[in-house]
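Notes to accompany the following structure.
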Amino acid sequence: RAHPELAGKAAIRAELTPDSTREQAGAGLAACSASEFAQLTELNARYNTKFGFPFILAVKGYDRAGIIAEFARRIEHDRATEFAECLQQIAKITRFRLDVLLAD
C-alpha cells in the first residue's frame, strides 16, 4: 500500500524516490496535460476504492496514453486477477532497476 500513485500526490510534492521519479518522467507523467492528470486522478481513486491497494505498473516502454489505457483495462479485473498482475509488475520493476544497477 506504500507504492506511490502514478502522477499522484507524492509526485506533485516531489516525494518520490529517484528511481520512481526517473521512471515516471521517462513515461511522460511529469508532463501530463490537465485532462490527463484528471483522468489519472480519477482512475487512481476508483482503483484504490475497488482493490484497496495502489495501481502498480512498470511504466518503462509506456507513454501517457498507454498508461491510461492500461489503467482502464486493468480496473475491470477482479481483485485476485489484479493482485496477481501487481505482483508481476513489481517483479518487472525490480528487474528493470537491477538491470540499471548491474549496468553501472
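The values are calculated or read from the model by the stated rules, or taken from the named source; none is laboratory data. Computed from a predicted structure; not experimentally measured. Cβ: placed from backbone, ideal geometry, glycine included. Neighbour counts: every protein chain shown.
Before moving on, here are some points about what is shown:
- The residues in the stretch 45-59 that are part of a helix (DSSP H, G or I) and small (Gly, Ala, Ser) can be counted, and the count is 1.
- Screening ILE75, ILE56 for residues that are among the β-branched types (Val, Ile, Thr), touching a Leu at 6+ places or on another chain (Cβ under 9 Å) and over 19 Å from ALA30 (Cβ atoms) leaves exactly one candidate, ILE75.
- Pick from the stretch 67-83, criterion within 14 Å of the chain's Cα centre (by Cα) and without any contact (Cβ under 8 Å) to a residue 12 or more places away in the chain, ranking: surrounded by the most Cβ atoms within 10 Å (Cβ to Cβ): ALA69
- When ALA45 is tested against the conditions (1) under 24 Å from VAL100 (Cα atoms); (2) modelled with pLDDT of 80 or more; (3) among the hydrophobic types (A, V, I, L, M, F, W, C), the lone failure is (1).
- Qualifying residue in the stretch 49-56 (condition: under 14 Å from ARG74 (Cβ atoms), modelled with pLDDT of 65 or more, surrounded by fewer than 19 Cβ atoms within 10 Å (Cβ to Cβ) and touching an Asp or Glu at 6+ places or on another chain (Cβ under 7 Å)): yes
- Qualifying residue in the stretch 10-32 (condition: assigned to a loop (DSSP other than H, G, I, E, B), at pLDDT 80 or above, surrounded by fewer than 14 Cβ atoms within 10 Å (Cβ to Cβ) and not basic (Lys, Arg)): no
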